[in-house]
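Before any comments, here is the structure.
The values are calculated or read from the model by the stated rules, or taken from the named source; none is laboratory data. From a predicted model like this one, the values you see are computed outputs, not experimental measurements. As a convention, Cβ positions derive from the backbone with ideal geometry for all residues, glycine included, and neighbour counts pool all protein chains shown.
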Amino acid sequence: MKISVIGCGYVGLVSGFCFADSGHKVTCIDNNDQKIKLLKDNKVPIYEPGLNELLLKNIENGNLAFELNISENIKDSEIVLIAVGTPTGKNGDANLTFVYQCAREIAEFISPNTQIIIKSTVPVGTCDEVENIIKENCIHSEFSVISNPEFLREGNAISDFINPDRVVIGTDDQTNKRIMINLYKSITNEDKILFTSRRSSELIKYASNSMLAMRIIFINEIADLCEKIGADVTDIAKGIGLDKRIGPHFLEPGPGFGGSCFPKDARALIESGKKYDAPQTLLESVILGNENRKKNISKKILNKLDKQTENQIGILGVTFKAETDDMRESPSLIIIPDLQENGMNISVYDPEGEKEASKILKDVNWKKSAYEAAENVDCLVILTDWEEFKNLDLDKIKNSMKRPLIYDFRNIFDPDMMTELGFEYFSIGRG
Ligand code: UDX
């Protein structure tokens, strides 16, 4: 099929590249000329494992192209897939400016019978509004708007796209259903497709992300309790996760959730609840609990230090999680400035995050390795669980630190082993 993907962010690039790799002819379009220039030079503008290889392969076989303008470039596309950003708006709701702008622009150029797929995360009713906008601006009325939210995790995005737990498609129309089965047939089995109404499909994305965010804040609060009462959160997560009704995933405590989805989507769902007089009180606590968690991390670290004599801190990992360069809503954006306000000097190493993070984090000393970040520090703080951190030469780390104090907010090491190695080692919820 001939597909145009509008928006070259994580979702647009991963969807576009994976559809191209499954044999479709894909044009990725974005109005950011620098992004398009990079892509045309065979460079991926974000760090996501595997994307570079897919880009080269599908440029080579002619399945992938890039364009700056919607205009003529979407003519003859059977599918126009909208994957533009829906950032948090002024009141916490989703800002739909880019989606609606995109709807207005494509209306002029789509051919009859085009399927417009909304992959961006959008509140209930947005597909209806997109349909209205296109109707007002299009010379023909043979088009369909279908909701098809994306559930990929950054760092794991390609695998999530080609091995989905489910593909949610919001449409009631039988012809649309057949076209969508055809679109996905080389990616996944038909039995993985869940057809729902458009409105249900839109809400599934928000409910799914909000449910996962709830689990994380729950285990984080249980971890706090474990520290106070001398229990081990790893055992608690295992113990509750073995109950099939609960399951083992998304029960790892950490410094608070971040990223482009969980905080934004939970806030947007709270706003939808207010709008329709169906309060989402649980989620309000989730957002508050997560913000407080990020703020409390620096206090935990500072409590371990003698502020008169100890003010050098090394940080390992600043992105919101491992295997990405994404800094959006990363806990480090709260933790590092808090530490600096308390007179701490900060050295940082992140395997992929420096370029993005150095645009936002000020006055930090960027280091080229974990070993350099540990040199002469009074405390080493682990904020993300990059694989390379798990395989460090810990003797070398210890010998280069001024004080062998490690605060591990991802629980990547075994506490007994760390004590044996001579570290003062603190992790989360392993009282
Ligand atoms: C998420 C959803 O998982 C994905 O389905 C959706 O489409 C987009 O949002 P992503 O934001 O890329 O994906 O990352 P994810 O792996 O879900 O992690 C989100 C945040 O939760 C990160 O800050 C991560 O560190 C944190 N997290 C995750 C935990 O603290 N503990 C866990 O057990 C899992």
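Within the stretch 316-359, the residues that satisfy the criterion of being away from the ligand (no atom under 16 Å from the Cβ) and out of contact with any strand residue (DSSP E or B) (no Cβ under 9 Å at 6 or more places or on another chain) are 337, 338, 341, 342, 343, 355, 359.
Return the residue satisfying two criteria in turn: it lies in the stretch 148-162 and is polar (S, T, N, Q) and more than 16 Å from residue 183 (Cβ to Cβ), and of such residues it is farthest from the ligand (Cβ to nearest atom). Let's see the steps before the verdict.
Here is the first cut: in the stretch 148-162, the residues polar (S, T, N, Q) are 148, 156, 159.
From what's left, more than 16 Å from residue 183 (Cβ to Cβ): 156, 159.
Values: 156: 7, 159: 12 Å.
Ranking the candidates gives 159 first.
Set side by side, the residues 271, 221, 252, 284 differ, and just one is within 16 Å of the ligand (Cβ to nearest atom), closer than 26 Å to residue 329 by Cα and more than 19 Å from the chain's Cα centre (by Cα), which is 221.
A count restricted to the stretch 45-85 and to residues that are part of a loop (DSSP other than H, G, I, E, B), in contact (Cβ under 8 Å) with a residue 60 or more places away in the chain and of a type in the set (S, T, N, Q) stands at 1.
It is to be established whether one or more residues within the stretch 150-158 are of a type in the set (A, V, I, L, M) and either over 30 Å from residue 322 (Cβ atoms) or not assigned by TED's automatic domain parsing to the domain that holds residue 76 (or both). Within the stretch 150-158, none of the residues are of a type in the set (A, V, I, L, M) and either over 30 Å from residue 322 (Cβ atoms) or not assigned by TED's automatic domain parsing to the domain that holds residue 76 (or both).
Can you tell me which residues in the stretch 255-268 are touching a Pro at 6+ places or on another chain (Cβ under 9 Å), in a helix (DSSP H, G or I) and within 11 Å of the ligand (Cβ to nearest atom)? Steps first, please.
Within the stretch 255-268, the subset touching a Pro at 6+ places or on another chain (Cβ under 9 Å) is 255-258, 260, 264, 268.
Filter once more, keeping what is in a helix (DSSP H, G or I): 264, 268.
The answer is 264, and nothing else.
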